[in-house]
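Please treat every number below as a calculation from the coordinates, not as lab data. Note that the structure is a prediction, hence the values are computed from the model and not measured. Here the Cβ positions follow ideal geometry from the backbone for every residue, glycine too, while neighbour counts run over all protein chains shown.
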Amino acid sequence: MRDNSEEIERLKQQLEQVKQQDRVLEEIEKRLYKMKEIAEYASKYRLSGEETRELEKQIGEHEAAIESLQNYLKS
C-alpha cells in the first residue's frame, strides 16, 4: 500500500513538472510570435533609424527572455 501511495506522489510531482514546462513553452511561443510580428512589420514599412533601433531593442528583449526560459527548462 505504501509503495502505491509513493508512486502516486511521484506521478503527481511529474505531472506538476510537465504543467510548468508547458507554461514555459507557451511563453516562449508567445515571444516568438511577437518577434515574428515585429519582423513582418519591419519588412512592410520603411523605418527610420530610430524606429529600427527600437524594434531591434524589442527583439533583443524577447531573445533574452527566451534564452532565460530555455535555461529554466534545462535545469
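Looking only at residues in segment 1-53 that are within 18 Å of Lys74 (Cβ to Cβ), hydrophobic (A, V, I, L, M, F, W, C) and surrounded by 11 or more Cβ atoms within 10 Å (Cβ to Cβ), the one that is farthest from the chain's Cα centre (by Cα) is Leu32.
Here Leu47 clears all of (1) part of a loop (DSSP other than H, G, I, E, B); (2) in contact with a Phe, Trp or Tyr (Cβ under 8 Å, 6 or more places away or on another chain) except the condition numbered (2).
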